[in-house]
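The values are calculated or read from the model by the stated rules, or taken from the named source; none is laboratory data. Bear in mind the structure is a predicted one, so any value in this text is a computation, not a measurement. Because the Cβ atoms are built from the backbone with ideal geometry, glycine has one as well, and the counts that use them run over all protein chains shown. These accessible areas exclude ligands, DNA and RNA; they are computed on the full protein's heavy atoms, side chains included. Shrake-Rupley method; radii C 1.70, N 1.55, O 1.52, S 1.80 Å.
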Amino acid sequence: MKPRVVSGMRPTGKLHIGHLVGALHQWADLQSTYDCMYFVADWHALTSEYADTDGLTSYAYDNVADWIAAGVDPEQSTLFVQSLVPEHAELYLLLSMVVPIPWLERVPTYKEQIAQLVEKDLSTLGFLGYPLLQGADVVIYKAQYVPVGEDQVAHLELNREVIRRFHGFYGELFPEPQPLLSHFPRLPGLDNRKMSKSYGNTIALSDDAESVKKKVMRMFTDPKRIRADIPGTVEGNPVFVYHDAFNPDVAEVDDLKTRYRAGTVGDVEVKQKLVRAINTMLDPIRERRAEVLAQPTRVREILMDGSSRARTIARETMTQVREAVGLNYT
Ligand code: TRP
């Protein structure tokens, strides 16, 4: 039996090329070695988006179409929706009995997000419980590994502490899940700020070739380079970060870097080559996405099927958990 991997993504918008290097490539690669379960974290989306739920289900379908287009294989992996497996919520409730509130309050993302997302009222129980729900998502499938970004490591750490405490009361039930970090550093946005759909600085996986061109040609680059003959900085320059991420022609990238540093290449050439590289990478994704969406009920069926498979496992776990906790009415 292959070791199990669980990971989720919140359906809060269209997916972009940051999701590709930050998660989807890794999700696709893990499939041959692990028993992978990937899910739409719709309850997690609600923890911050509870006031506007209009896009939730359509983003869920759209995102999963992108997962598949990016190489996540519904035949090999289980793709499902968190809220269609309500056992996650039951386990979350039982875990909540043993979690001291200060453990949740001291998770770094908690205070950061509250400070950042000032337009949202995040002083809710649901938002405080975010990492605990994440823990339930993972251990309900007894997963050993969780592919996540750097920012999620603290959630997993909390998760392991909660599990230990839970085990202390009720006996060993779950493996302590370990993170599988994706190796690629976070991509900057087109404007060199943090990549985020709210800044409008992303390239969506569903963008056509022409929009990619427009966006790349307007990309932030070395601001001190007002003429092509001024030597430029490559390190941390988002145009070159993207070249490193998406241009497989290493010789071309090296040549551009050398000439950029020497002040012998124009930004236009560097960007045109980047446009070509990104479009070449996105072309097969666009094609598969169109194939998937050509069958309007396909994604829904995949998720229904996956959710029922996931639920079978989750139910078994909950039977054991209820018994361990002392909720025994059979
Ligand atoms: N918090 C994760 C994120 O924002 C999404 C998520 C929810 C998740 N539940 C999970 C990831 C369980 C891994 C495992 O990216």
Residue check, Ser211 outside any loop (DSSP other than H, G, I, E, B), open to solvent by 50 Å² or more (accessible area, probe 1.4 Å) and either closer than 17 Å to Ile17 by Cα or of a type in the set (S, T, N, Q) (or both): no
Only one of His167, His155, His88 that is away from the ligand (no atom under 14 Å from the Cβ) and open to solvent by less than 30 Å² (accessible area, probe 1.4 Å): His167
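Does Leu181 meet the test of being open to solvent by 30 Å² or more (accessible area, probe 1.4 Å), at pLDDT below 95, away from the ligand (no atom under 11 Å from the Cβ) and not acidic (Asp, Glu)?
Numbers: open to solvent by 30 Å² or more (accessible area, probe 1.4 Å): yes; at pLDDT below 95: yes; away from the ligand (no atom under 11 Å from the Cβ): yes; not acidic (Asp, Glu): yes.
Yes.
Restrict the check to region 199-208 and report whether at least one residue is in a helix (DSSP H, G or I) and either under 27 Å from the mean Cα position of the chain (by Cα) or modelled with pLDDT under 95 (or both).
Yes, region 199-208 has at least one match.
Do the conditions hold for Asp73, that is, is it out of contact with any Leu (no Cβ under 8 Å at 6 or more places or on another chain), acidic (Asp, Glu) and assigned to a helix (DSSP H, G or I)?
Working: out of contact with any Leu (no Cβ under 8 Å at 6 or more places or on another chain): yes; acidic (Asp, Glu): yes; assigned to a helix (DSSP H, G or I): no.
Here the answer is no, as Asp73 does not meet what is asked.
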Pair list, Cβ under 7 Å, 6 or more apart: region 131-153 residue assigned by TED's automatic domain parsing to the domain that holds Thr47 and of a type in the set (D, E, K, R), other residue outside any helix (DSSP H, G or I) and within 8 Å of the ligand (Cβ to nearest atom): Asp137/Val6; Asp137/Gly8
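Residues are listed down the side, and each one gets a yes or a no for (1) buried (at least 18 other Cβ atoms within 10 Å of the Cβ); (2) closer than 16 Å to Leu205 by Cα:
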position: Gly236; (1), (2): no, no
position: Lys271; (1), (2): yes, no
position: Leu282; (1), (2): yes, yes
position: Leu293; (1), (2): no, yes
Pairs where the first residue, in region 32-49, is free of Cβ contacts under 8 Å to residues at least 60 places away in the same chain and open to solvent by 20 Å² or more (accessible area, probe 1.4 Å) and the second is of a type in the set (D, E, K, R) and more than 9 Å from the ligand (Cβ to nearest atom), C-beta under 7 Å, 6+ apart: Thr33/Lys2; Asp35/Lys2; Asp35/Arg4
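For region 226-269, which residues satisfy the criterion of being in a loop (DSSP other than H, G, I, E, B) and touching a Leu at 6+ places or on another chain (Cβ under 8 Å)?
Taking region 226-269 and keeping what is in a loop (DSSP other than H, G, I, E, B), we get 226-237, 247-249, 263-266.
Scanning region 226-269 gives Asn247, Val265.
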Members of region 247-269 found to be among the β-branched types (Val, Ile, Thr) and either in the same structural domain as Ala70 (by TED's automatic domain parsing) or surrounded by 14 or more Cβ atoms within 10 Å (Cβ to Cβ) (or both), listed by number: Val253, Val265
Single unsatisfied condition, Gly236 versus (1) modelled with pLDDT of 95 or more; (2) under 21 Å from Leu20 (Cβ atoms): (1)
Any hit, region 91-102, residues being within 13 Å of the ligand (Cβ to nearest atom), surrounded by fewer than 20 Cβ atoms within 10 Å (Cβ to Cβ) and either in the same structural domain as Leu181 (by TED's automatic domain parsing) or farther than 25 Å from Glu301 by Cα (or both): yes
Scan of region 98-115 for residues that are of a type in the set (A, V, I, L, M) and in contact (Cβ under 8 Å) with a residue 40 or more places away in the chain, ordered by number: Val98, Val99, Leu104, Val107
Residue count for region 103-117, restricted to those that are surrounded by fewer than 18 Cβ atoms within 10 Å (Cβ to Cβ) and under 21 Å from the mean Cα position of the chain (by Cα): 8
Qualifying residue in region 37-45 (condition: acidic (Asp, Glu) and away from the ligand (no atom under 12 Å from the Cβ)): no
Selection count where residues are open to solvent by 20 Å² or more (accessible area, probe 1.4 Å) and more than 12 Å from Thr47 (Cα to Cα), scope region 118-148: 5
